[in-house]
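One structure below.
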């Protein structure tokens, strides 16, 4: 047998490459001297074309490669040489280049000797590579060729750091490369995994489980990183070994002590929680699972406390998921099913605590939300206790839907960072919104009461943050999606209180883009409430027309408000006639700004659906309502159309004298005026202008004549021609 091998402890040293042949001149790098006669290809006469034919590469025999690598492992003090040797052996073994029994026996004995003598201070990447190579050998010839791999590698008691660490890394590599079912495996890999697991269960799993316990108990204080690696290996194996080897009166209390002890290092505590979670997730019959969950709850009476939720988030979440699955399978009428529900509700405070700390790296927010959604789906007529749980879940939803204050400025100006955060939050909220809707369906009154409390708090506090107000309004908006149109129209439940509170709300952070936009969207969601409650129409108009809406300082908000106001006019129409003068007076400055704005400026350009022209459509719809008297219509329409026509005539006169280019500010202004005129005419139907009120038709005809003059004056300005052709007031 070869001499014992050992991995180097020191890091790889830097070597200076040998100098090339020849002494370099001053200021010039060294050069490789070539023969003066040049290179001659053998087998061909001097002169003439020569073809350079590659020679076949000579490969060393497998035995030579094996001995070369073993020699490097035994003699070299450099870590990078050891890694190269291990990698070369792994590649050769994987490709079956080392296949002779004697070579395999030599490799096996050398690697087992190297693993047994492994120093815990050697570089982790070397120990991982050695473990990967040993795991490959196990896959190839365990147990039929060499049945004592694990008995040879199993560290003696009491466990020492070096052998314990190496043994754990071998099990982890074996799990990653072969045993774990978390990765897709082909038929050969599946067969090899079954063979290895069956052999281990029959031969050595009880001894390995005892070693895990001893390593955690002995090295937990002396060498926490090694104890953590050992428990990580245990976690990976629990799914296919006899769970009683871990879930017993000796091992489970030790794991709880490690997980909850303030003195435990964070990686070690996390590894202990991982083992307990694997025990709780062990696949088995529902009744056996109930007994297992009961034993875990008996071992740790405070499992349902909020502190447990913070320290053992993955365990309490897994426990709750498994208890819920048992309850669903067995049903409420079964004794074990009822017991599963009791155990579930006992750990819910810990689950809520874990859910509220989902920003922590060790908490899987996806698993928590999946459980909460499943729990809500089981409710039909919630009890008082369950209504309390739903209130906690609503608070979890609110917290998870809240923006991080770090991005407040970016979200206001909507720069690149703000846009990315907004998109990411929209994606994150999808599952949360689905959960919120389910809660609205199960407990509508409790949901409305929860939102009312949020609104009252936001309105009463001068220090309400942008993030809190935004999420409050967002939840109110989502509530409007969950209830029926009839409930909104009649104001059933607390909606009769919530909508008036919304319409009169003025938040201290209303100037922020996020708050202003979601406020307007939420108001629009509940517009049908005004159809039955016309006394709140003035409040609605104020929300759209003052600094919260169309006169907001942010151009994105003001133009979005114009678009939403147009939708409100379409829905309410005749109910707005008494307020026509008020509306037109409020919009006078905005209407003038639209046609005088510098549209050549990129900052002024927005999407076609929110360019501000919808305000003209809203005004046209209001004037075109038949409930407005003919005299009032003529008066309002004259005040609206004449300035626009005068602007066109003025711009045309200046353009005829100086010329008109397609991209000039004058041409762009003409385009916007044409768009505004077209939007106004959308509010007048054909019957009104042709039959009932022909005076209106004559006014629109005169306006059309002014617009058509643009085609005569500037026939070659394509954008203007296409805009006029598409906007003939039809």
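Mean separation of Cα pairs under 8 Å and 6 or more residues apart, divided by the residue count, gives the chain a relative contact order of 6 percent. Each of residue 481 and residue 281 was given a label point 7 Å from its Cα along the Cα-to-Cβ line. The distance between the two points is 3.0 nm. Between residue 639 and residue 570, what is the FRET efficiency for a Förster distance of 30 Å, r being their Cβ-Cβ separation, to the nearest 0.05? Between residue 639 and residue 570 the formula returns 0.85. Multiplying the residue separation of residue 194 and residue 423 by 0.36 nm and removing their Cα-Cα distance gives an extension gain of 77.9 nm. In the chain, helices alone account for a calculated mean residue ellipticity at 222 nm of -21000 deg cm²/dmol, with every DSSP H run of four or more residues adding -39,500 (n - 2.57). Per-residue packing, averaged as other Cβ atoms within 10 Å, sorts the ranges 248-258, 97-107 into the order 248-258, 97-107, beginning with the highest.
What FRET efficiency comes out for the pair residue 109/residue 180, r = Cβ-Cβ distance, R0 = 25 Å, nearest 0.05? Calculated value: 0.35.
Using a ≥ b ≥ c from the Cα gyration tensor of segment 181-226 (square roots of the eigenvalues), is it rounded, prolate or oblate, where a/c under 1.5 gives rounded and otherwise the larger of a/b and b/c decides, a/b for prolate? Since a/c reaches 1.5 but b/c is at least a/b, the shape of segment 181-226 is classed as oblate. The simple spin-label model puts a point 7 Å past each Cα toward its Cβ; for residue 546 and residue 686 those points are separated by 4.4 nm. By the beta-carbon count within 10 Å of each Cβ, the least crowded to most crowded order of 544, 125, 565, fewest first, is 125, 544, 565.
Once the C-beta distance of residue 452 and residue 141 is scaled by a Förster radius of 56 Å, the resulting FRET efficiency is 0.20 to the nearest 0.05.
Enclosing the Cα atoms of segment 284-378 in their convex hull gives a volume equal to 84 cubic angstrom per residue. What whole-number distance in Å separates the alpha-carbon centres of segment 248-266 and segment 479-511? Taking the Cα centre of each part, segment 248-266 and segment 479-511 sit 51 Å apart.
Spatially, segment 276-290 and segment 384-404 are offset by 28 Å when compared through their Cα centroids.
For the chain, the longest principal axis of the Cα atoms and the long axis of helix 555-572 meet at an angle of about 60 degrees. Considering all different alpha carbon pairs of the chain, the Kirkwood hydrodynamic radius works out to 33.3 Å. Between residue 298 and residue 148, the contour length at 0.36 nm per residue exceeds the alpha carbon distance by 50.2 nm.
Pull out a ≥ b ≥ c, the square roots of the eigenvalues of the alpha-carbon gyration tensor of segment 148-242, then state rounded if a/c is under 1.5, prolate if not and a/b is larger than b/c, and oblate in the remaining case. Taking the square roots of the gyration eigenvalues as a ≥ b ≥ c, segment 148-242 is prolate. Distance between the pseudo-spin-label points of residue 201 and residue 441 (7 Å out from Cα toward the beta carbon): 4.1 nm.
Relative to the longest principal axis of the Cα atoms of the chain, helix 187-203 runs at roughly 50 degrees. In terms of surrounding Cβ atoms within a 10 Å radius of their Cβ, 380, 567, 682, 289 rank from fewest to most as 380, 567, 682, 289. Compared with the dominant principal axis of the Cα atoms in the chain, helix 313-330 is inclined by about 80°.
Relative to the current alpha-carbon distance between residue 510 and residue 395, full extension at 0.36 nm per residue lengthens the span by 39.1 nm. Here the residues 627, 322, ranked from fewest to most Cβ neighbours within 10 Å of their Cβ, fall in the order 627, 322. Rounded, prolate or oblate: pick one for segment 75-117, where a ≥ b ≥ c are the square roots of the eigenvalues of its C-alpha gyration tensor, a/c under 1.5 means rounded, and failing that, prolate if a/b is larger than b/c, else oblate. Because a/c hits 1.5 or more and a/b fails to exceed b/c, segment 75-117 counts as oblate.
Every number here is computed from the coordinates shown, using simple stated rules; none is lab data. Everything quoted here is computed from the prediction, not taken from an experiment. Because the Cβ atoms are built from the backbone with ideal geometry, glycine has one as well, and the counts that use them run over all protein chains shown.
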